[in-house]
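Structure first, then comments.
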Amino acid sequence: MRILKIVVLLVVIGLGLYVRLAPSDVGKWHAMPDDVDHRDLKHGAMRVVEIEEGGLQRLHVIVVSTARTKVLAGTAEEGMVTYITRSRVFGFPDYTTVRKRPQRIEIFGRLRFGHSDFGVNATRIDTWLNALSQ
């Protein structure tokens, strides 16, 4: 029984390290589908919002001030940025890509591990957009 507990503990530690240390493939995550619209997904969320000039830069400031969030690739000046936000306890990564289009921005947030994000990406994106509208 003691050996089983040790094995389980080692597996949990190993998975925790993998989740936190696995490299992020920029080619895979710094991308957007062509058909972005306003909807919640099982694994994430999409939003499309009308925006004034300079809106992507303002949103960028809001996003990078979010706890446990950093830029994976791109810049606001380039017109597309992908961010990684990690969960507090286990460090699960969520990827959010923001793309500038004429008079609007498109946002696509999704999880990396698992099958459902339980609405976390939609909530995070909506919080950012609420802050942007203030």
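Could you count how many residues in region 94-115 are under 17 Å from Ser24 (Cβ atoms) and touching a Leu at 6+ places or on another chain (Cβ under 8 Å)?
Matching residues across region 94-115 total 4.
What number of residues within region 84-97 satisfy the criterion of being under 23 Å from Glu53 (Cβ atoms) and in contact with a His (Cβ under 9 Å, 6 or more places away or on another chain)?
Qualifying residue count, region 84-97: 1.
Please specify each residue of region 105-134 satisfying the condition of being loosely packed, with under 15 Cβ neighbours inside 10 Å, farther than 16 Å from Gly44 by Cβ and modelled with pLDDT of 95 or more.
Across region 105-134, the qualifying residue is only Asn130.
Across region 1-57, what is the total count of residues that are in a helix (DSSP H, G or I), touching a residue at least 12 places away in the same chain (Cβ under 8 Å) and under 17 Å from Pro93 (Cα atoms)?
Residues that pass the stated criteria total 5.
Quick one: which strands (runs of 3 or more DSSP E) lie wholly within region 58-134 and hold at least 1 residues that are free of Cβ contacts under 8 Å to residues at least 40 places away in the same chain and in contact with a Phe, Trp or Tyr (Cβ under 9 Å, 6 or more places away or on another chain)?
Filter on region 58-134 gives 69-75, 80-86, 93-101.
Checking the conditions here, which among Thr96, Thr69 is surrounded by 12 or more Cβ atoms within 10 Å (Cβ to Cβ), modelled with pLDDT of 95 or more and touching a Gly at 6+ places or on another chain (Cβ under 8 Å)?
Being surrounded by 12 or more Cβ atoms within 10 Å (Cβ to Cβ), modelled with pLDDT of 95 or more and touching a Gly at 6+ places or on another chain (Cβ under 8 Å) holds for just one of Thr96, Thr69, which is Thr96.
The values are calculated or read from the model by the stated rules, or taken from the named source; none is laboratory data. Here the structure is a predicted model, which is why all the values come from computation and not from measurement. In this analysis, Cβ positions are derived from the backbone assuming ideal geometry, glycine residues included, and neighbour counts consider all displayed protein chains.
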